[in-house]
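Enquirer: Dropping a structure here in structure tokens format, bear with me for questions.
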Amino acid sequence: MKVLQHIILTLIAVFILGACQQNNNQANSSSIDSRVDALLDEMTLEEKIGQMCQINGAGGTVPEDLKTALKEGRIGSILNEVDVAAINEIQRISVEESRLGVPVIIARDVIHGFKTVFPIPLGQAASWNPEIIQEGCRIAAAEAASSGVRWTFAPMIDISRDARWGRIAESLGEDPHLTSVLGAAMIKGFQGDDLTNPNSVIACAKHFAGYGAAEGGRDYNSTLIPPRELHDIYLPPFKAAVDAGVRTFMSGFNDIDGVPATGNAYLMRDVLRGKWQFDGFVVSDWASAWEMINHGFAADEKEAAQRAINAGVNMEMASTTYVDHIAELLQEGQVSEATINQAVREILRVKFEMGLFENPYITEDNQYQFAKPEYLEAAKEAATQSMVLLKNSENTLPITKDKKIALVGPMAHQAYEQLGTWIFDGDSTLSVTPLMALQQEMGDEQVLFADGMAISRTQHTKGFKKAIEQAKKADVIVFCGGEESILSGEAHSRADIDLPGVQNELIKALKQTGKPLVLVVMAGRPLTIGEISEYADAVIYAWHPGTMGGAALADILLGKANPSGKLPVTFPKVVGQIPMHYNHKNTGRPANPHSWTQMYDIPVKAPQTSLGNESHYIDAGFTPLYPFGYGLSYTSFEYANLQLDKEVYGKDETIKVSFELANIGEMAGDEIAQVYVRDLVGSVSRPVKELKAFKRVSIESGDKTTITLEIAVQDLAFHNIDMAEVVEPGDFQLWVGGDANAELSASFSVQ
Ligand code: BGC
């Protein structure tokens with residue numbers, strides 16, 4: 001009875017608290033709205049246009065022309081200024097010397113850390129751990145805010161199915177569900193739950209939308225995304241970002257079927273504001289408004305401005321088509337006053353929400369707070385959880401400390417390169433490289449170092465001799481290769497994604513010593529390492545692991561940590577297989593292992609149809625090198641006893657998926673359990689499977705646990721033949737396991 005009473009009282013309290021909270025929020029937002037309206041009423045057209053203008057910072061100074069522009073209220077935001085004194089001066093002029101005292105927002109690309117660098121986003125995604133990702137972004141926000149940055153252009157949640165595209169490094173991989181969950185975690189980490197907190201940084205969901213589908217993986221290229229795929233694959237992470245409370249969006253560089261994202265009213269008005277009710281603001285990408293001239297979508301700057309503002313871009317980054325033309329466009333009736341007011345209203349609202357009017361300055365006690373021990377520890381844990389063990393023959397790993405290691409390769413001691421792309425502020429003097437960490441752990445005597453190649457692109461073999469000598473003296477070779485950070489990221493697409501330079505030759509030469517060889521790859525993308533992996537006894541994919549990458553790697557190599565990352569993207573065997581993603585359609589002639597003949601085994605003059613007519617390559621087959629979700633551990637996990645709570649579900653019900661997960665190996669470890677679903681028949685054909693739930697679980701050696709994951713039936717919705725988002729009744733199959741090839745399966749239906 002007492003218990004019941006307690007529960008009822010608690011429920012009432014929660015209800016009252018919730019109601020108060022809601023009232024507070026409502027009051028807060030209505031008082032912000034009235035402040036915005038009052039301010040807007042006071043503004044001249046020039047001041048309004050000023051709010052819509054974002055310029056590049058002057059690098060630690062406030063030149064006279066910038067001072068004048070700030071005094072006249074002609075700047076809404078500045079990017080790439082990270083000097084506290086300059087920022088405080090910028091704010092002082094804006095707040096104290098401009099007519100209406102509107103502060104600017106200072107923006108920066110804080111993509112995977114600020115001074116303390118976390119793994120590249122694709123690496124973080126391999127942790128499948130929203131908590132650790134959120135914490136990393138909270139730390140990045142605190143460091144950035146202590147430098148005056150209050151707005152980051154992250155997360156990048158473009159679905160990326162093409163490893164040639166350099167910006168896959170910045171993405172969270174190929175899957176809409178994983179990207180949605182992890183992108184939302186990033187937003188929560190950056191923004192926190194109180195935007196007025198001086199350590200909170202507002203987030204920006206980018207690039208809206210479809211940028212990751214750049215044709216052929218060539219950056220900035222056109223994208224051809226059928227409407228259904230746009231809505232079912234590319235847009236869900238952006239919807240999740242809105243649900244997570246993201247305050248800004250960035251429009252992309254790309255055109256979708258001829259309409260540049262920055263001039264795309266359907267995306268920014270109908271979907272973002274209309275359907276999703278987003279009330280933050282949209283910034284263009286760097287000069288992407290102006291680039292609509294190059295696209296052939298605008299004849300000149302004036303038309304570019306007209307297209308961008310009418311399509312829903314509030315603020316123009318870097319180019320000046322708004323400043324130069326909006327007044328004229330208004331006069332001519334090509335842009336309405338209501339459109340301008342709304343654009344400015346949305347910007348001002350965010351500035352009020354951030355508390356910038358009350359606290360525009362970076363206070364002395366919060367300046368330049370970098371690389372605290374707990375930040376470095378978090379970066380190490382993130383790197384540890386992001387590394388993926390792809391191969392481990394004969395338990396080559398972990399290496400016992402009595403062994404001598406020959407540490408070779410162009411990424412073994414590269415404090416800068418291990419940080420990866422987009423590290424404007426990253427401090428490579430903080431980096432712990434694999435060499436430093438292994439020496440620290442094992443003592444200098446046990447680690448015989450010779451890089452063999454100065455950089456990943458070295459094209460000569462002069463360093464091989466020394467490397468081979470070291471290998472001969474050692475018990476095991478650890479080759480740290482990959483690609484330097486500049487080989488991935490924006491504008492750095494590659495058509496050939498093998499290990500660059502003479503790395504393959506060096507690995508082969510090292511293997512000739514007969515010593516066990518561990519290949520560690522640090523890269524910004526999946527590389528085609530299939531053939532060269534044959535020469536390796538173990539393979540660890542470390543991505544660009546950030547500041548603490550070497551320390552995390554050493555822990556994994558030496559068995560102090562058990563690898564647990566899983567691939568957030570399918571690894572192709574050869575580049576010609578791209579695009580290759582696990583959630584493809586079945587086709588009318590799905591690939592069939594029984595009727596595939598390797599090209600070299602096809603007899604001469606074989607009859608046309610004698611060797612199978614299914615969807616595959618005769619040289620590369622139809623399977624990837626490693627499937628989505630794949631990753632090994634030093635222990636083994638076993639899935640069993642899969643059960644669903646029902647056989648038939650209504651559309652508003654929730655599917656409870658339960659299964660047992662046992663650690664049947666010798667070491668405690670984390671497994672990332674994944675649930676995939678296939679809608680067997682639809683009004684349009686459906687993917688062969690789609691990730692719908694996942695969970696990272698820690699299990700002691702010999703232990704077993706029962707896991708229950710929930711999937712709302714509504715999450716099975718897709719855009720049907722009439723482009724309505726619906727769950728179609730019918731039969732479904734579900735799989736549970738450690739990667740996209742999971743076999744443990746059950747069926748259910750939806751009424
Ligand atoms: C990139 C954006 C970035 C912006 C500002 C552009 O080139 O596409 O992602 O936020 O620059 O640096």
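Enquirer: If only one of 341, 392, 366 is polar (S, T, N, Q) and at pLDDT below 95, which one is it?
Expert: Selected residue: 366, the only one of 341, 392, 366 that is polar (S, T, N, Q) and at pLDDT below 95.
Enquirer: Any chance region 73-83 includes a residue that's over 23 Å from residue 190 (Cβ atoms), surrounded by fewer than 19 Cβ atoms within 10 Å (Cβ to Cβ), away from the ligand (no atom under 14 Å from the Cβ) and free of Cβ contacts under 8 Å to residues at least 60 places away in the same chain?
Expert: No, region 73-83 contains no residue that is over 23 Å from residue 190 (Cβ atoms), surrounded by fewer than 19 Cβ atoms within 10 Å (Cβ to Cβ), away from the ligand (no atom under 14 Å from the Cβ) and free of Cβ contacts under 8 Å to residues at least 60 places away in the same chain.
Enquirer: Right, something else. Can you report the number of residues in region 424-474 which are open to solvent by 70 Å² or more (accessible area, probe 1.4 Å), among the acidic types (Asp, Glu) and farther than 30 Å from residue 372 by Cβ?
Expert: Going residue by residue through region 424-474, those that are open to solvent by 70 Å² or more (accessible area, probe 1.4 Å) are 424, 429, 436, 440, 444-445, 457, 459-462, 465-466, 469, 472-473.
Filter once more, keeping what is among the acidic types (Asp, Glu): 444-445, 469.
Subset that is farther than 30 Å from residue 372 by Cβ: 445, 469.
Residues flagged as open to solvent by 70 Å² or more (accessible area, probe 1.4 Å), among the acidic types (Asp, Glu) and farther than 30 Å from residue 372 by Cβ within region 424-474 amount to 2.
Enquirer: Inside region 118-236, counting only helices (runs of 4 or more DSSP H) that do not spill past its ends, which hold 2 or more residues that are of a type outside the set (Phe, Trp, Tyr) and surrounded by fewer than 23 Cβ atoms within 10 Å (Cβ to Cβ)? Give the steps one after another, and end with the answer.
Expert: Working: elements: 121-125, 130-145, 176-191.
Result: 130-145, 176-191.
Enquirer: Look at region 87-117 and say how many of its residues are under 30 Å from residue 418 (Cβ atoms), away from the ligand (no atom under 16 Å from the Cβ) and in contact with a Gly (Cβ under 7 Å, 6 or more places away or on another chain). Give the steps one after another, and end with the answer.
Expert: Our first condition is that a residue be under 30 Å from residue 418 (Cβ atoms); within region 87-117, this holds for 87, 106-117.
If we keep only those that are away from the ligand (no atom under 16 Å from the Cβ) too, we end up with 87, 115-117.
If we keep only those that are in contact with a Gly (Cβ under 7 Å, 6 or more places away or on another chain) too, we end up with 87, 115, 117.
Total satisfying the criteria: 3.
Enquirer: Being surrounded by fewer than 24 Cβ atoms within 10 Å (Cβ to Cβ) and more than 30 Å from residue 221 (Cα to Cα), is that true of even one residue in region 483-504?
Expert: yes
Enquirer: Anything in region 200-259 that is of a type in the set (S, T, N, Q) and out of contact with any strand residue (DSSP E or B) (no Cβ under 7 Å at 6 or more places or on another chain)? List them, or say none.
Expert: Correct list: 200, 221.
Enquirer: Considering only residues of region 318-329 that are buried (at least 24 other Cβ atoms within 10 Å of the Cβ) and over 16 Å from residue 297 (Cβ atoms), which is nearest to the ligand (Cβ to nearest atom)?
Expert: Checking each candidate, the answer is 322.
Enquirer: Tally time: how many residues in region 262-280 are in a helix (DSSP H, G or I) and more than 16 Å from the ligand (Cβ to nearest atom)?
Expert: Here is the first cut: in region 262-280, the residues in a helix (DSSP H, G or I) are 262-263, 265-275.
Narrowing the set further to residues that are more than 16 Å from the ligand (Cβ to nearest atom) leaves 263, 265-275.
Total meeting the criteria: 12.
Enquirer: Which of the following residues is more than 16 Å from the ligand (Cβ to nearest atom) and at pLDDT 95 or above: 246, 149, 242?
Expert: From the options 246, 149, 242, the qualifying one is 242.
Enquirer: Quick check: is even one residue across region 494-503 modelled with pLDDT of 95 or more and farther than 23 Å from residue 169 by Cβ?
Expert: yes
Enquirer: Go through region 705-744 and give me each residue that's exposed (fewer than 13 other Cβ atoms within 10 Å of the Cβ) and of a type outside the set (Asp, Glu).
Expert: 706, 708, 721, 723, 724, 729, listed by residue number.
Enquirer: Mind listing just one residue for me: the one in region 286-297 that is within 16 Å of the ligand (Cβ to nearest atom) and open to solvent by 60 Å² or more (accessible area, probe 1.4 Å) and, of those, nearest to the chain's Cα centre (by Cα)?
Expert: 286
Enquirer: Can you confirm whether residue 630 is of a type in the set (Phe, Trp, Tyr) and open to solvent by 30 Å² or more (accessible area, probe 1.4 Å)?
Expert: Details: of a type in the set (Phe, Trp, Tyr): yes; open to solvent by 30 Å² or more (accessible area, probe 1.4 Å): yes.
Yes, satisfied.
Enquirer: Residue under question is residue 185, and the condition is that it be of a type in the set (A, V, I, L, M), within 13 Å of the ligand (Cβ to nearest atom) and over 24 Å from residue 351 (Cβ atoms); does it hold?
Expert: So residue 185 fails the test.
Enquirer: Is at least one residue of region 119-130 within 16 Å of the ligand (Cβ to nearest atom) and under 28 Å from residue 352 (Cβ atoms)?
Expert: There is no residue in region 119-130 that is within 16 Å of the ligand (Cβ to nearest atom) and under 28 Å from residue 352 (Cβ atoms).
Enquirer: So how many residues does region 249-261 have that are in a helix (DSSP H, G or I) and either away from the ligand (no atom under 16 Å from the Cβ) or farther than 29 Å from residue 692 by Cα (or both)? Even if it seems obvious, please write down each step before you answer.
Expert: Going residue by residue through region 249-261, those that are in a helix (DSSP H, G or I) are 261.
Within this subset, residues satisfying the condition of being either away from the ligand (no atom under 16 Å from the Cβ) or farther than 29 Å from residue 692 by Cα (or both) are none.
Number of matching residues: 0.
Enquirer: Please identify the pairs in which a residue from region 442-457 that is over 11 Å from residue 412 (Cα atoms) has its Cβ atom under 8 Å from the Cβ atom of a residue that is open to solvent by less than 40 Å² (accessible area, probe 1.4 Å) and in a loop (DSSP other than H, G, I, E, B), counting only partners at least 6 apart or on another chain.
Expert: 442/558; 448/474; 457/484; 457/500; 457/501
Yes/no per residue for (1) at pLDDT 95 or above; (2) open to solvent by 50 Å² or more (accessible area, probe 1.4 Å):
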position: 529; (1), (2): yes, no
position: 533; (1), (2): yes, no
position: 578; (1), (2): yes, no
position: 586; (1), (2): yes, yes
position: 604; (1), (2): no, yes
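Enquirer: Determine if region 382-397 includes at least one residue that is within 12 Å of residue 546 (Cα to Cα) and charged (D, E, K, R).
Expert: There is no residue in region 382-397 that is within 12 Å of residue 546 (Cα to Cα) and charged (D, E, K, R).
Enquirer: Turning to a different aspect of this structure: Of the conditions (1) touching a Leu at 6+ places or on another chain (Cβ under 8 Å); (2) surrounded by fewer than 18 Cβ atoms within 10 Å (Cβ to Cβ), residue 691 fails just one. Which one is it?
Expert: (2)
Enquirer: Does residue 283 qualify as being within 15 Å of the ligand (Cβ to nearest atom), open to solvent by less than 10 Å² (accessible area, probe 1.4 Å), among the aliphatic types (A, V, I, L, M) and under 18 Å from residue 210 (Cα atoms)?
Expert: Values: within 15 Å of the ligand (Cβ to nearest atom): yes; open to solvent by less than 10 Å² (accessible area, probe 1.4 Å): yes; among the aliphatic types (A, V, I, L, M): yes; under 18 Å from residue 210 (Cα atoms): yes.
Here the answer is yes, as residue 283 does meet what is asked.
Enquirer: Still on this structure: Could you check region 543-595 and list, in sequence order, the residues that are of a type in the set (Ser, Thr, Tyr) and not in a loop (DSSP other than H, G, I, E, B)?
Expert: Hit for region 543-595 is 595, nothing else.
Enquirer: In region 47-59, is there at least one residue being over 34 Å from the mean Cα position of the chain (by Cα), farther than 22 Å from residue 202 by Cβ and surrounded by fewer than 19 Cβ atoms within 10 Å (Cβ to Cβ)?
Expert: Within region 47-59, not a single residue is over 34 Å from the mean Cα position of the chain (by Cα), farther than 22 Å from residue 202 by Cβ and surrounded by fewer than 19 Cβ atoms within 10 Å (Cβ to Cβ).
Enquirer: Return the total of residues in region 593-622 being within 30 Å of residue 388 (Cβ to Cβ) and touching a His at 6+ places or on another chain (Cβ under 9 Å).
Expert: 2
The values are calculated or read from the model by the stated rules, or taken from the named source; none is laboratory data. What you see is a predicted model; the values in this text were computed from it and never measured. A quick note on method: Cβ atoms are made from the backbone with ideal geometry, for glycine too, and the neighbour counts reach across all protein chains shown. With ligands, DNA and RNA removed, areas are computed over all heavy atoms of the protein, side chains included. Shrake-Rupley method; radii C 1.70, N 1.55, O 1.52, S 1.80 Å.
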